[in-house]
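Trainee: Pasting a structure here, questions to come.
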Amino acid sequence: MQEPTTPAAVARVRVTQAEGVQAAVRRAMELASWRDHIRGSRIFLKINTLSFPLVPGTNTSPWVLEGVLQTIREALPDVRLQMGDSQIVGADNVRRAEKIWGYDRLAAKYGVEYVDLSRDPLEEVQVDGMHVRKLVFPRTLLEADCLVTLPVMKCHHLSTITASLKNQWGCLPTFRHNFHPVLHQVIVDINQALAPRFTVIDGTVCQEGKGPRTGDVRIADLVIASPDLVAADAAAARYMGFDPRQIGFLTNAEARGLGSIEGRMVGDDVGSEQFATPKSNLLGGIHKRLRASFLKPLLFDTPIVQVLAKGALVYNSLLWYPFVARPKAQKLIRESWYGPQFPFKG
């Protein structure tokens with residue numbers, strides 16, 4: 001008779017100013033036995049660079065990223081480290097975020113290659129997926145020995161939450177928007193193909209409500225680490241006040257054998273909160289209605305999608321960011337102990 005396997009550890013660590021972010025990240029990674037999972041001569045860290053303006057809670061924070069880089073680099077000084085993300089439609093967000101969010105300084109400090117995956121050659125991968133049979137990915141990802149994902153804990157108007165599994169959505173080229181109607185299946189297909197080995201969820205400064213880009217700032221002072229991305233995301237969902245078994249991509253991922261919703265919790269007793277209900281912002285609501293209309297083939301399956309994306313970018317840059325997001329960033333700089341750690345260039 002086969003012995004039951006022990007569920008993977010899901011480390012939940014409360015971040016305090018006394019301990020410091022980097023020490024909290026290291027503690028979470030150690031509790032989740034990161035050395036057993038992060039191996040190889042070439043390791044890629046998938047960060048989240050959804051926004052190039054400094055919008056708190058949108059991108060992987062420089063302080064959590066530095067904690068991961070410190071921990072890996074000290075233990076594996078000779079490993080080749082790379083980090084990066086892909087562009088969203090119509091925006092050079094990866095390269096612009098590099099300087100605004102201080103990723104360039106961290107890359108130089110820890111000897112890491114910063115990669116814009118959208119500029120990579122693409123290679124096709126066969127997938128026995130829930131929705132797709134093949135996907136194309138940047139070559140850099142496929143050549144890595146180990147993929148580690150570093151998402152931000154946020155609400156998402158399409159998927160309820162976004163964390164470890166959803167972070168790999170950005171590993172697809174910019175046509176990924178065409179998969180939005182089957183998002184809960186394709187998230188699973190992407191992770192099945194790429195097989196991330198470990199996650200460190202940045203729950204220090206998060207977003208609730210109209211996430212993942214234009215939500216309200218929510219400081220949670222939390223880091224979650226695990227080799228089981230399903231269990232880690234389930235822990236994040238519960239902390240945020242959502243039932244993980246009501247989130248499609250989590251139940252689908254568990255059914256596909258990518259992990260277990262019922263993980264083995266270690267670390268701190270962090271309790272739970274109730275994040276504001278995920279909902280679409282103005283542009284997201286328009287996007288949903290257009291995609292469901294007879295105009296979908298014209299607007300989303302032709303180069304016109306680039307025009308729509310540029311229009312959204314102009315709206316966000318000229319109206320939403322200066323009048324809504326920038327004041328929130330400045331408030332966080334003034335009032336939160338995370339503020340001085342932001343390379344703010346508003």
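The values are calculated or read from the model by the stated rules, or taken from the named source; none is laboratory data. Computed from a prediction, not measured in an experiment: that's the story for all the values here. So basically every Cβ, Gly included, is an ideal-geometry build from the backbone, and we count neighbours across all protein chains shown.
Trainee: Scan the stretch 35-46 residue by residue and report those that are under 19 Å from the mean Cα position of the chain (by Cα) and either under 26 Å from residue 337 (Cβ atoms) or charged (D, E, K, R) (or both).
Mentor: Hits for the stretch 35-46 are 45, 46.
Trainee: Checking residue 135 against (1) part of a strand (DSSP E or B); (2) among the hydrophobic types (A, V, I, L, M, F, W, C); (3) within 15 Å of the chain's Cα centre (by Cα), which test does it fail?
Mentor: (3)
Trainee: A further question on this structure: Going through the stretch 169-182 one residue at a time, which ones are hydrophobic (A, V, I, L, M, F, W, C) and under 15 Å from the mean Cα position of the chain (by Cα)?
Mentor: Listed by number, the residues that qualify are 169, 171, 172.
Trainee: Check the stretch 13-28 and report whether any residue there is modelled with pLDDT of 95 or more, surrounded by fewer than 17 Cβ atoms within 10 Å (Cβ to Cβ) and among the hydrophobic types (A, V, I, L, M, F, W, C).
Mentor: Taking every residue of the stretch 13-28 in turn, at least one turns out to be modelled with pLDDT of 95 or more, surrounded by fewer than 17 Cβ atoms within 10 Å (Cβ to Cβ) and among the hydrophobic types (A, V, I, L, M, F, W, C).
Trainee: Okay, next question. I need the full set of residues from the stretch 150-174 which are buried (at least 24 other Cβ atoms within 10 Å of the Cβ) and part of a strand (DSSP E or B), in order please.
Mentor: Residues satisfying the conditions are 150, 152, 153, 154, 155, 161, 162.
Trainee: Further question: Which residue pairs have Cβ atoms closer than 8 Å, lie 6 or more positions apart in sequence or on different chains, and pair a first residue in the stretch 38-53 that is small (Gly, Ala, Ser) with a second residue that is not in a loop (DSSP other than H, G, I, E, B)?
Mentor: The qualifying pairs are 40/146; 41/80; 51/93; 51/97.
Trainee: Can you tell me which condition residue 113 does not meet? The list is (1) assigned to a strand (DSSP E or B); (2) crowded, with 17+ Cβ neighbours inside 10 Å, and all the others hold.
Mentor: (2)
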